[in-house]
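Every read-out reported here was derived from the displayed coordinates using simple, explicitly stated rules and does not represent laboratory data. Owing to the predicted nature of the structure, the values given are computational and were not obtained by experimental measurement. Positions of Cβ are backbone-derived with ideal geometry, glycine not excepted, and every protein chain shown enters the neighbour counts.
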Amino acid sequence: MIAPPLPIMAQTGTEALLPLGRNPSRSGRGVLHIDLAVPFPDRIEPGPFHRSMVVFWWRDVPVGHVFVESHRCSPERIAALAETAVEDDVITLAEERSAISGRSGPVSVIVCTRDRPQELAGCLDSLLAQRLPPEEIVVVDDGSAGPTTRRVAAERPRTVYRRQQPLGLAAARNTGIRAARHDLIAFTDDDVRHHPLWLERLVQPLEQGGALAVAGLILPFEIESEAQYVCERAWSFGQGYRARSFDAEFLQGQAGRAAPVWEIGSGGSMAFRRRAFQEVGGFDERLEAGAAGGSGEAELWCRLLAKGFSCRYEPASVAYHKHRRELDQLADQVRARVSGHVAALLIQLERHGRRADLRRVALDLPMLFLKLGWSRLWHGRRPHSAMFGPALQGYCAGLSYYARHSGLRGHAG
């Protein structure tokens, strides 16, 4: 497989936010949720797209998923697919994880936004509906036009509003860090919604396990269009259903290849102890400002691992991302993600001098594009090759962006 931020070769709606204890088995706009700890549903209704995603849970912990043709979403077929999609030990771990809950320390959650007040309102309401809501929500407005974003924040409790000139996501995250009052700092995006246990499950590894950074599982909010299906099949934000810990050895144990730090998770669901930023600085503002496009969290995780600190992927913490509905919107996102990935690799090379990062940029990625291009010619348009053109454009844009900005020092001290 090819891990994001390059494609993987290979509900949710309101049902994803059900109160604890209810069977999340009804369809949710193309993502079906099945709780394996309760009797199987008698009837399953697929979403509007001709393919559906079925997410299997054990109580309140996700344990696997499959994709299925919507017209074949019978209970019998889904039950048979569950047998192969969910491993027994994952259910055992989920049983143990489901019994652990709560948090002790106060948390600040940072939401960066620009000109999306309706999405922001939904995100904030989702955060305030947590079983243990954050003590503080910092909304960083990266230069929205008009007063609506400020008003959305002002109408909600526990919410602090900060505005900056449009400098990009990394700069907005750094503004949020400076504004946050608490030691535990979580981040999410305005197009993300959250399971009621998202926050407490996200910060538990920081409180109990000694990690300085943690990321959670991100599932799709809906699959109603081809673009959303392609995104989840080939450009998924999720990293599977097994918890993982990462340390300095992870950077060195890749047999000469660049360590896939993106496997730690996604910036739409992550948390840190404040000490992390004191040790290695904030997000590099050369990334995620204009053409660089993304990967700021992966570059920061790389810095933490290089200094000997640990990070954690915790799939019991679940958030739901609203994938782009149109193919041209997804193309823009893919272009930005690959551009940011390339720029981040070159910044990592600049900081740490690992030749493996150069190898990924100069050899591994070009070979991957050759394989994707050949697949597109030979097999036609399939999910993993559907965004071949935008991905290649993003690769070139990342090289160009880094060449123009390599002399700058962009991360917070």
Give, rounded to the nearest 20 debye, the magnitude of the charge dipole that the chain has about its Cα centre when Lys and Arg contribute +1 at Cβ and Asp and Glu contribute -1 at Cβ. 1000 debye
Loop only by DSSP, 12 or fewer other Cβ within 10 Å of the Cβ. Give me the GluC sites (Glu not before Pro) in the stretch 239-330 that pass, ordered by residue number. Glu326
Going through the stretch 55-94, which GluC sites (Glu not before Pro) have at most 14 other Cβ atoms within 10 Å and a DSSP loop state? Glu87
Would you order His182, His321 from fewest to most other beta-carbon atoms within 10 Å of each residue's own beta-carbon? His182, His321
What's the magnitude of the charge dipole for the stretch 182-239 around its Cα centre, counting Lys and Arg as +1 and Asp and Glu as -1 at the beta-carbon? Answer in Debye, nearest 20. 240 debye
When Trp198, Trp235 are ranked with the fewest other C-beta atoms within 10 Å first, the list becomes Trp235, Trp198
Cβ-based exposure ranking for Asp328, Asp125, Asp364, Asp42, in which fewest neighbours within 10 Å come first: Asp42, Asp328, Asp125, Asp364
List the relative contact order of the stretch 84-206 as a percent without decimals, with contacts defined as Cα pairs under 8 Å and 6+ residues apart. 36 percent
